[in-house]
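A.B. asks: The structure under discussion is supplied below as structure tokens; questions concerning it will follow.
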Amino acid sequence: MAPHRGRCGATPIEKEKQLLKSRVRKNLAIGLVITAVIASLSVVIADDGSKVEELKKSLIIGLSVTGAVTGGTWLLQRRRSAP
């Protein structure tokens, strides 16, 4: 017996995998954009000559938060789609 396919020709499991990838990618893209904006702003605002330190700090914090949110989304969606 062939697996049930929806209108777009994908099985429910394939749809879930596509949805998982799109949510994770969306969170990753949003996080990277926010990180870039905040890092840029922190460098522009830094007026005491510590631009490099501000950039490093902003990038470390931004990339850590982005990684945590993206990884958390991936794990959460993976658990939900597990049989």
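Quick note: the coordinates plus some simple rules give every number you see, no bench work behind them. Owing to the predicted nature of the structure, the values given are computational and were not obtained by experimental measurement.
A.B. asks: Can you work out the Karplus-derived ³J(HN,Hα) for every residue in region 37-43? Use 6.51 cos²θ - 1.76 cosθ + 1.60 with θ = phi - 60°, whole Hz, and x for glycine or proline.
C.D. replies: Once rounded to whole Hz, the list reads 5, 5, 5, 5, 5, 5, 6.
A.B. asks: If each Cα of region 19-83 is one equal point scatterer, what is log10 of I(q)/I(0) from the Debye formula at q = 0.19, 0.21, 0.22, 0.26 Å⁻¹?
C.D. replies: -0.69, -0.78, -0.82, -0.98
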